[in-house]
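**Q** Before I ask anything, here is the structure I am working with.
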Amino acid sequence: MTSTTAPRPLTGFGTVSGVPWLPEGFTDIYGSTLVQVGETALHTVQGGTGRPLLLVGGWPQNWYVWRFVMPRLAENFRVIAVDPRGVGRSDKPHGGYDTGTVAAELAALMRVLGHERFGMAGHDVGMWLGYALAADHGDRVERVALIDASIPGLAADIPVFGSEAQNDLLWHFAFNRKRSVNEQLVRGREHIYYGDQFRHKAARPLPDSAVDFYIETIARDPEALRASFDYYRATDDNIAQNLRRRQRPLALPVLGVAGVRGQGERLDAMLRPVAERYTGAVLPDCGHYVPEEAPKALLDRLLPFLLEGL
């Protein structure tokens, strides 16, 4: 999967020129670029110098989740924060949202950009993709940081009659997998559905401007709403893929980071059996949205891990 089309600058809503607020000096370092990878155009936010580092956010967010940590990372790395297919300003094809397909597309993106080997950090669905990248393309990924998610096929099965707190955290998995009816229920009510997600999964409330931006990104495009659910509709495929992947534990260095009110200690229990060189950290006073809720605490764990051996 390659492309001969040169990357081109991108402006407007959802790019570095069209988001509500960025740290001071951010746009002096980073710019938005559209990169053609096979049949899919992917929005990337690139900047900094050094070893390449791929950042992938999760549902229902996009590259913007990394904004607080990106300036510091740019001091040591060539950072590529990407909206994978279906997300933000990237193309939203029908099909191909299983982790194997998307991970292969991200590996191809890095090759198009001239990076044969790279580090990677993924949050939420980006963590699903980070695990798939490390497992399927271990010759390309130097080390991977996996941040606060439950990976289908690795995590313990979720009981239907669990605690209310567990239900609040995980009920969307079942809802998002439905076809058609969930789109009909959410369309026009995106602020209710996604707003509830942000309220219940954050220990430290996210800025209203950020929440409004994430919701508007999905609400303004029916294809974005459909694609946001398509990642979950691929769950059967993802479980089958991960059951195969887990038979061969990751040999590269793996960092796991969770919020104490997010995955907490469950993250270690899930990742240790599938990673031979694993380090875990649980951040206090933090929920699921680790890069936004606790950027400094995340950097304190992430930077030593990424810089080790350089």
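The values are calculated or read from the model by the stated rules, or taken from the named source; none is laboratory data. The model shown is predicted, which means the values in this text are computed figures rather than measured ones. Glycine also receives a Cβ, built like all others from the backbone with ideal geometry; neighbour counts cover every protein chain displayed. SASA here: full protein model, heavy atoms, side chains in, ligands and nucleic acids out. Shrake-Rupley method; radii C 1.70, N 1.55, O 1.52, S 1.80 Å.
**Q** VAL16: part of a loop (DSSP other than H, G, I, E, B), surrounded by 18 or more Cβ atoms within 10 Å (Cβ to Cβ) and either in contact with a Ser or Thr (Cβ under 6 Å, 6 or more places away or on another chain) or polar (S, T, N, Q) (or both), yes or no? Break it down into steps so the answer makes sense when it comes.
**A** On the way: part of a loop (DSSP other than H, G, I, E, B): yes; surrounded by 18 or more Cβ atoms within 10 Å (Cβ to Cβ): yes; either in contact with a Ser or Thr (Cβ under 6 Å, 6 or more places away or on another chain) or polar (S, T, N, Q) (or both): yes.
Answer is yes for this residue.
**Q** Then there is this: Have a look at PRO291, PRO253, PRO295 and point out the one that is open to solvent by less than 20 Å² (accessible area, probe 1.4 Å), modelled with pLDDT of 95 or more and under 17 Å from the mean Cα position of the chain (by Cα).
**A** Working: PRO253 fails: under 17 Å from the mean Cα position of the chain (by Cα); PRO295 fails: open to solvent by less than 20 Å² (accessible area, probe 1.4 Å).
Step by step, each of PRO291, PRO253, PRO295 is checked, and only PRO291 is open to solvent by less than 20 Å² (accessible area, probe 1.4 Å), modelled with pLDDT of 95 or more and under 17 Å from the mean Cα position of the chain (by Cα).
**Q** Only one residue in VAL45, VAL56 is touching a His at 6+ places or on another chain (Cβ under 9 Å), among the aliphatic types (A, V, I, L, M) and either within 26 Å of ASP212 (Cβ to Cβ) or open to solvent by 10 Å² or more (accessible area, probe 1.4 Å) (or both), so which one is that?
**A** Values: VAL45 fails: touching a His at 6+ places or on another chain (Cβ under 9 Å).
Unique residue meeting the criteria: VAL56.
**Q** Where the second residue is in a helix (DSSP H, G or I) and the first is modelled with pLDDT under 95 and lies in the stretch 217-240, which pairs have Cβ atoms under 7 Å and are six or more apart or on separate chains?
**A** Hits for this filter: zero, empty list.
**Q** So, one more: Of (1) part of a strand (DSSP E or B); (2) in contact with a helix residue (DSSP H, G or I) (Cβ under 8 Å, 6 or more places away or on another chain); (3) open to solvent by 30 Å² or more (accessible area, probe 1.4 Å), PHE68 satisfies all except one. Which?
**A** So PHE68 meets the others, but not (1).
**Q** Let me ask another. Just checking: which of the helices (runs of 4 or more DSSP H) contained wholly in the stretch 92-172 hold 2 or more residues that are of a type in the set (D, E, K, R) and either in contact (Cβ under 8 Å) with a residue 24 or more places away in the chain or closer than 21 Å to ALA281 by Cβ (or both)?
**A** Passing ranges, in order: 99-112.
**Q** Quick check: is even one residue across the stretch 231-247 open to solvent by 30 Å² or more (accessible area, probe 1.4 Å), among the small types (Gly, Ala, Ser) and either closer than 22 Å to HIS43 by Cβ or outside any helix (DSSP H, G or I) (or both)?
**A** Checked the stretch 231-247: no residue is open to solvent by 30 Å² or more (accessible area, probe 1.4 Å), among the small types (Gly, Ala, Ser) and either closer than 22 Å to HIS43 by Cβ or outside any helix (DSSP H, G or I) (or both).
**Q** I'd like the full set of residues that are exposed (fewer than 12 other Cβ atoms within 10 Å of the Cβ) and either within 30 Å of ALA135 (Cβ to Cβ) or under 21 Å from the mean Cα position of the chain (by Cα) (or both), limited to the stretch 167-199.
**A** ARG179
**Q** On to the next question. Restricting attention to the stretch 200-211, which residues are at pLDDT 95 or above, under 19 Å from the mean Cα position of the chain (by Cα) and in a helix (DSSP H, G or I)?
**A** ALA210, VAL211
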